[in-house]
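Below is one structure, written out as structure tokens; the observations come after it.
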Amino acid sequence: MISISSKNCIWNWPAIKWVGILSLFLSSCDLPKEIGSDLFSVEVGLNYTDSLSIQSSTVLIDSIYTNQTNTFQIGSYQNPILGTVSASAFTQIANVDTLKSKETSILDSLKMQLVYASYVGDTTKMQTISVYRLKDSVSRFVDYFNHSSVGYDPTPIGTHSFYPRPVKAKTANGDSLKFDTLRFKMNPAFGRELLSKYTDKTIAAGGPGFREFFKGMHFRTTSDARAALIGINPIYSVMTLHYHNPNDTLKYAVNYYFSLSTALVSEVHGRFNQINITRAGALANLKKPGDRVPATQTNMLTYVQSGTGLATKIEIPYLLNLKGKGNVAINKAELVIPAADSYELDKVLGSLSLVETDASNRTLRNSYGLRYLLTEGGTGAQTSTFNFSNKTYSFNITTAIQNIISNNRKNFAILVTSPLTTNSSGFSRIIGENVRYVPLDASKIKLKVYYTYVAK
């Protein structure tokens, strides 16, 4: 700890925040005796410390929202520390252009084109993707979580075995990727069923009528658990019905889209991912929300992972020791959280957020959703972008620390989570967009505090 202090009227550092307090005692440096300097002494100074004791652990937090994410997560992969992650997708689909087939129209094919968006794991393992028909609808207005599910018919309407080849091209430096497309044919019987719907104008026109007739699709794969988890981009993916008419040389096609928008609604279709994980080792004890594994049991590493509910809890049990026997004003408090040396560049979380918690290890909530730490001078959530130069996440939490000091709260605990977002109603929540993760070096987490003190 570094301390710069002064007594009576000799100032070696401008303690700006406490000028008002000092004015109660000192009207000028020439009149100390008139206010009774022989009865008391005032010490003012600026301190800095980064040696406060910090305790951290990995916790399993409440359910993670996975609806309306930007990718379908399909497949599975194995991480030696975090466990085996598997995922599947539930989605609506519909046509925009009206189906104009005839009674005599002949099916050529029903083709699925799924555009890769990301991948993690071993792409040399074969996978078999299966597409199922939903029995119940998926709604944009329902919140779905990583454990949610919707009923589906067990008979697939499409299957395909393949080796994932997600990357079509890289730039010279390898920083930019051009993703490929997974293509396969759906079952002809399903194609003929779609072709026959020309008679029902409501269904043939697409939109709500079609979504009522065809509730949606469920995608999942079977593979070695150590295979790859694949992200699919729903915006560019499409299913296309190809057909022709007898004695007609023209070929006809109708596209069915997973992502639709209108001038009034940014996204018409509903979708969500189901994400499951089987843990091993020390983290196997994380079985229900609120479960906690101290960093001392995981080689002083803690974890944050999107999609599976892993977060890092940080506690500062002796924060009030800053006060000593005087009054304290926090000039700046910066929480610096370093990634462990074992972090993987292509899997690391680009940003993290801070959410309030307590002894329950759960995310605390209010009428607006999660109780998150505010940005300094703003109303948004505290979020830090990963600094690739020094491999850290840094948060300015000055106001939060000052509130702890001012209200004499004996404990300070927060959750470091994957990034926050808000739903259409403005409620804050954590979205499991993917399964990216970051290991954090618990032994090097620091709270850097600059504070002004006044002691008598």
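Say we look at the range 99-128 and pick out the residues that are of a type in the set (Val, Ile, Thr) and within 18 Å of Lys168 (Cβ to Cβ); which of these is surrounded by the fewest Cβ atoms within 10 Å (Cβ to Cβ)? Talk me through it step by step, then tell me what you get.
Here is the first cut: in the range 99-128, the ones of a type in the set (Val, Ile, Thr) are 104, 106, 115, 120, 123-124, 128.
Subsequent filtering for residues that are within 18 Å of Lys168 (Cβ to Cβ) retains 115, 120, 123-124.
Working: Val115: 18, Val120: 21, Thr123: 17, Thr124: 10.
So, considering only residues that are of a type in the set (Val, Ile, Thr) and within 18 Å of Lys168 (Cβ to Cβ), the one surrounded by the fewest Cβ atoms within 10 Å (Cβ to Cβ) is Thr124.
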For residues in the range 268-321 being open to solvent by 20 Å² or more (accessible area, probe 1.4 Å) and hydrophobic (A, V, I, L, M, F, W, C), which is farthest from Ser149 (Cα to Cα)? Leu320
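Search the range 238-267 for residues being within 23 Å of the chain's Cα centre (by Cα) and among the polar types (S, T, N, Q), and hand back the single one that is least open to solvent (accessible area, probe 1.4 Å).
First, the residues of the range 238-267 that are within 23 Å of the chain's Cα centre (by Cα): 258-259, 266-267.
Imposing the further condition that a residue be among the polar types (S, T, N, Q) reduces the set to 259, 266.
Working: Ser259: 23, Ser266: 99 Å².
Only one residue tops the list, namely Ser259.
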Can you name the residue in the range 338-397 that is among the basic types (Lys, Arg) and open to solvent by 50 Å² or more (accessible area, probe 1.4 Å) and, of all such residues, is farthest from Ile61 (Cα to Cα)? Lys391
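Looking only at the range 157-168, count how many residues are closer than 20 Å to Ile235 by Cα and either among the aromatic types (Phe, Trp, Tyr) or in a strand (DSSP E or B) (or both). Before you say what the answer is, go through the steps one by one.
Going residue by residue through the range 157-168, those that are closer than 20 Å to Ile235 by Cα are 164-168.
Now narrow it down to the ones that are either among the aromatic types (Phe, Trp, Tyr) or in a strand (DSSP E or B) (or both): 167-168.
The total comes to 2.
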For the condition modelled with pLDDT of 95 or more and over 27 Å from Ala284 (Cβ atoms), what is the one hit in Ser109, Ser137? Ser109
Being assigned to a helix (DSSP H, G or I) and surrounded by fewer than 16 Cβ atoms within 10 Å (Cβ to Cβ) is the filter here, so list the residues in the range 400-434 that pass it. Asn403, Ser406
In the range 129-156, anything assigned to a strand (DSSP E or B) and either open to solvent by less than 40 Å² (accessible area, probe 1.4 Å) or within 17 Å of Ala87 (Cβ to Cβ) (or both) is listed as Ile129, Ser130, Val131, Tyr132, Leu134, Phe145, Tyr152
Just to be sure I understand, how many residues within the range 213-234 are at pLDDT below 95 and either open to solvent by 50 Å² or more (accessible area, probe 1.4 Å) or charged (D, E, K, R) (or both)? 3
Subset of the range 102-128, residues among the polar types (S, T, N, Q) and in contact with a strand residue (DSSP E or B) (Cβ under 6 Å, 6 or more places away or on another chain), comes to Ser105, Ser109, Gln113, Ser118, Thr123, Gln127, Thr128
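Residue-by-condition table, conditions (1) among the polar types (S, T, N, Q); (2) within 30 Å of Val454 (Cα to Cα); (3) touching a helix residue (DSSP H, G or I) at 6+ places or on another chain (Cβ under 7 Å); (4) modelled with pLDDT under 95:
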position	(1), (2), (3), (4)
Leu364	no, no, no, yes
Gly369	no, no, no, yes
Gly378	no, yes, no, yes
Thr383	yes, no, no, yes
Lys391	no, no, no, no
Ala400	no, yes, no, yes
Ile404	no, yes, yes, yes
Asn408	yes, yes, yes, yes
Ser418	yes, no, no, yes
Would you check if there is a residue in the range 247-261 being at pLDDT 95 or above, within 22 Å of Ser118 (Cα to Cα) and not in a strand (DSSP E or B)? yes
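Suppose the filter is of a type in the set (Gly, Ala, Ser) and at pLDDT 95 or above; does Ala339 pass it?
Numbers: of a type in the set (Gly, Ala, Ser): yes; at pLDDT 95 or above: yes.
Yes.
Of all the strands (runs of 3 or more DSSP E) wholly in the range 275-375, which have at least 3 residues that are hydrophobic (A, V, I, L, M, F, W, C)?
Numbers: elements: 292-294, 301-305, 310-315, 327-338, 351-356.
Fully inside the range 275-375 and qualifying: 310-315, 327-338, 351-356.
The values are calculated or read from the model by the stated rules, or taken from the named source; none is laboratory data. All figures in this text were calculated on a predicted structure; none of them were measured in a lab. Ideal geometry is used to build each Cβ from the backbone, glycine not excepted, and the neighbour counts take in all protein chains shown. In case anyone asks, the SASA skips ligands and DNA or RNA and just uses the protein heavy atoms, side chains included. Shrake-Rupley method; radii C 1.70, N 1.55, O 1.52, S 1.80 Å.
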